[in-house]
Structures are given as C-alpha cells and as structure tokens.
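Worksheet for the structure shown next.
The values are calculated or read from the model by the stated rules, or taken from the named source; none is laboratory data. This is a predicted model, so every value here is computed, not measured. Ideal geometry is used to build each Cβ from the backbone, glycine not excepted, and the neighbour counts take in all protein chains shown. The protein model used for the area step is the full one, side chains on, heavy atoms only, and it has no ligands, DNA or RNA in it. Shrake-Rupley method; radii C 1.70, N 1.55, O 1.52, S 1.80 Å.
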Amino acid sequence: MTGAATGVSGGPSRRDRIRAATVEEIKQAAFGLIVEHGSANLRFTDIARSMGITPPALYRYFADRDELLTALVTDSYDSLSDALRATRSTVPPDDLDGRFLASCAAYRSWALRNPERFALIFGAPVPGYAAPPEGPTVAAAERALEHMVQLAADTAEQGRLGTPVVPDVHEATLLAWATVHGFVTLEVHGHFHKLDQAARDRLFAAQAGLAARTAGLAPPADRP
C-alpha cells in the first residue's frame, strides 16, 4: 500500500484525518445545539445548517441521529473517565481515601464544566433513542464508573476498608456515587444559586465525606 493511502509515517491517511476532523466538527456542532435546545430537539437539519452544509452530507458520517447520539454519549463517558483518571494520578497511590475524595471533586468539576455532556448521559432519556444494549455506550459507562468501584476494592484488598452502609463493596460504592451525584445534579441545574462559591464548596466537602463513609472509607479528617 502506498504512502498516499496510509500516510508517510504509516499513520492515518490525509483522507482519514479529514474525515476524523469532520466527525469531530459534527459532534461539536451537535453539542452546541444541545446546549441551546436540549438533546430531545437534536436534528440533522439543524446540525447541517449550523455547519453550512446540506443534511444529506451528514449521512456520509453517521447513519442517523441515533448513531450520532451513541457517539456523543460514548465521548461524554470517555471525557468523564479521562477527568477521573487524571485527578486520581495526582494523589499518591497509598492515599486511597484521598483518591476517593479527589475523584468526587473531579466528578463535580467535570459536570460543572460540561453541563451538556452531564445532562446527556445522566439526564432524562432522549425521546425515541435507545442506546445499543451491548454497544460502546455500555462499555464507556462501565469504564467511567469503575474508577470509584476500583478505589473501594483496592482499599478492601489492603484491609483498610471500614464498615460500609451496604455490606457489598460494589453496592456501597454505587450508593456513595449516588450521594455525590445528587449534590452535583442539583448544583449543575442551578438549585444552589443562592449560595456563594465558598458555601457550595463546604457543602460538597461534607457530602463527599459522607459518601466516603457510606463506602466504608474514612476521609482524612476522620483518620486516627
């Protein structure tokens, strides 16, 4: 195969790079419309209009709106997963409690920076859309949420896990995530707008500490 097809260095060809860039442009245009009008009203005609192309041109990249939504949901979960992974890496591996709290903070920060992505994956279902049961969205969701589950499992393996509210480690971690998620959802949707930033930060720190104890983890302030 020639360099024109595969790229001089064996990487993606110019055609593939252009296609990838166009796919990314379509996704960004879709997210822009979701911010303005919500995911329920996402239409190919509006995306094409915002990009200055004809609607049929989009079908060269996505078979239909559902395939595009699947890509957007997968990207959103991957973005969350990347944020959690990056934050965990800043805390020493043996500070498992600190890693848990850092993950909670990263979850909150990501949601506040990306409210449209947060709403897409955790908000009301998009009418008429159903994610493929064994598709990429399922795997991406598992990768994102596995971070907190793994932290609790690592703590248990080291014999440092306290008594969780729910005996099963995985269930306890899901309950802890739900505790953090509830706070973040209210904040993302503006229900804490009467509180200043310092007050919201204090409340979230308390909520994250509660989540840690729910999972059998002791936040730093509770350590002997």
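Hey, can you find the accessible area per residue of the range 52-199 for me, probe 1.4 Å, expressed in square angstrom?
So the range 52-199 comes to 50 Å² accessible per residue, rounded to a whole number.
For the range 94-172, calculate the relative contact order in percent as a whole number, restricting contacts to Cα pairs under 8 Å that are 6 or more residues apart. Working shown, then result.
Numbers: 21 pairs, mean separation 24.8, N = 79.
Reported as a whole number, the value is 31 percent.
Once the Cα atoms of helix 169-188 and of the chain are each reduced to a long axis, what angle between those two axes, in degrees from 0 to 90 to the nearest 10, is obtained?
Relative to the chain, helix 169-188 is tipped by roughly 70 degrees.
Compute the angle between helix 14-37 and the longest alpha-carbon principal axis of the chain, please, reported from 0 to 90 degrees and rounded to the nearest 10.
For helix 14-37, the angle is close to 60 degrees.
Just from its helices, what would the mean residue ellipticity at 222 nm be for the chain, if runs of 4 or more DSSP H residues each count -39500 (n - 2.57) and the sum is divided by every residue, rounded to the nearest 500 deg cm²/dmol? Walk me through the numbers before you get to the answer.
Details: 10 runs with 150 residues, N = 224.
Helix contribution divided over all residues of the chain: -22000 deg cm²/dmol.
Considering only protein heavy atoms and a probe of 1.4 Å, how much of the accessible area of the range 94-224 is carbon and sulfur, as a whole percent? List each step's numbers first, then the result.
Numbers: 3970 of 6670 Å².
Whole-percent figure for carbon plus sulfur exposure: 59.
Just one of (1) 1.20; (2) 1.28; (3) 1.03 is Cα Rg over 2.2 N^0.38 Å calculated from these coordinates, so which is it?
(1)
What residues from the range 122-145 fall in the zone where the backbone N is under 14 Å from a label point 7 Å along the Cα-to-C-beta line of Asp78?
136-144
Looking at the P(r) of the range 147-224, how many percent of alpha-carbon pairs lie beyond 19 Å? Each step should come with its number before you reach the end.
Details: 1173 of 3003 pairs.
It works out to 39 percent of all Cα pairs.
In nm, to one decimal, how far is the Leu112 label point from the Phe192 one, both placed 7 Å along Cα→Cβ?
Result: 0.7 nm between the two label points.
Can you give the FRET efficiency for Val23 and Ala205, using 1/(1 + (r/R0)^6), R0 = 41 Å, r = Cβ-Cβ distance, to the nearest 0.05? Don't skip to the answer; put the middle values down first.
Values: r = 40 Å, r/R0 = 0.97.
It comes out at approximately 0.55.
For the range 32-81, calculate the relative contact order in percent as a whole number, restricting contacts to Cα pairs under 8 Å that are 6 or more residues apart. Numbers along the way, then the final one.
On the way: 20 pairs, mean separation 10.9, N = 50.
Relative contact order comes out at 22 percent.
Considering Cα pairs under 8 angstrom that are at least six residues apart, work out the relative contact order of the chain and quote it in whole percent. If you can, show how the numbers build up before the last one.
Details: 209 pairs, mean separation 41.8, N = 224.
Rounded, it is 19 percent for the chain.
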